[in-house]
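Have a look at the structure below before the remarks.
The values are calculated or read from the model by the stated rules, or taken from the named source; none is laboratory data. Source: prediction; values computed, not measured. Backbone-built Cβ (ideal geometry, glycine too); neighbour counts: all protein chains shown. Just so you know, the surface numbers come from the protein's heavy atoms only, side chains and all, with ligands and any DNA or RNA stripped out. Shrake-Rupley method; radii C 1.70, N 1.55, O 1.52, S 1.80 Å.
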Amino acid sequence: MNQAHQQQNHRERTRVEVAELRAQFREDAGAIGIDEDFIALLVDTFYARVRDDALLGPIFAERIVDWPHHLGRMRAFWGSVLLHTGAFSGNPMVKHIGIPGIGREEFLHWLDLWGQTLDELAGHPDASALILDKARLIAESLHNGILVHRDGIRDPLAMKGL
């Protein structure tokens, strides 16, 4: 068997293994109530609250002109994060770095509002914990990226985390 054929077989086995892992992950998530319908409800409810929020509302109002489009992107993003759908493509870091003045306070408030929404909507405590953990990791990553790339801080880990 030549090297090109071996590489093709390896790629095919990897593709199948990844598809199986994604299917298992979606099944496990579904067992605790995380599915596309739940993600849509969570995203839509959360961003309705964001739009009315005194701190976050103005930040989003300055940037989002097409809310249905944004909500669709956020559903795809969270579907990719929580269900490994692969439906999202984009660079959230670049978008967040471009927001002047956004920092720790805004991320902490975002997480608090996200957690409140989860508490009200998630039926299974494992779902709330999983989703909130993912949100914290994302918020920390975005916050650290902003500190480094926008604010020029060399060691963001030395700063207080979220």
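Some values worked out for this structure:
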| quantity | calculated |
| --- | --- |
| Whichever residue in region 142-161 is closer than 11 Å to I102 by Cβ and open to solvent by 50 Å² or more (accessible area, probe 1.4 Å) and, among such residues, is modelled with the highest pLDDT | R150 |
| Region 106-127, residues that are open to solvent by less than 40 Å² (accessible area, probe 1.4 Å) and touching a Gly at 6+ places or on another chain (Cβ under 8 Å) | A122, A127 |
| Enumerated helices (runs of 4 or more DSSP H) restricted to region 1-80, each holding at least 3 residues that are β-branched (V, I, T) and without any contact (Cβ under 8 Å) to a residue 40 or more places away in the chain | 3-31 |
| Number of the exception - I34 against (1) touching a Lys or Arg at 6+ places or on another chain (Cβ under 6 Å); (2) surrounded by 15 or more Cβ atoms within 10 Å (Cβ to Cβ) | (1) |
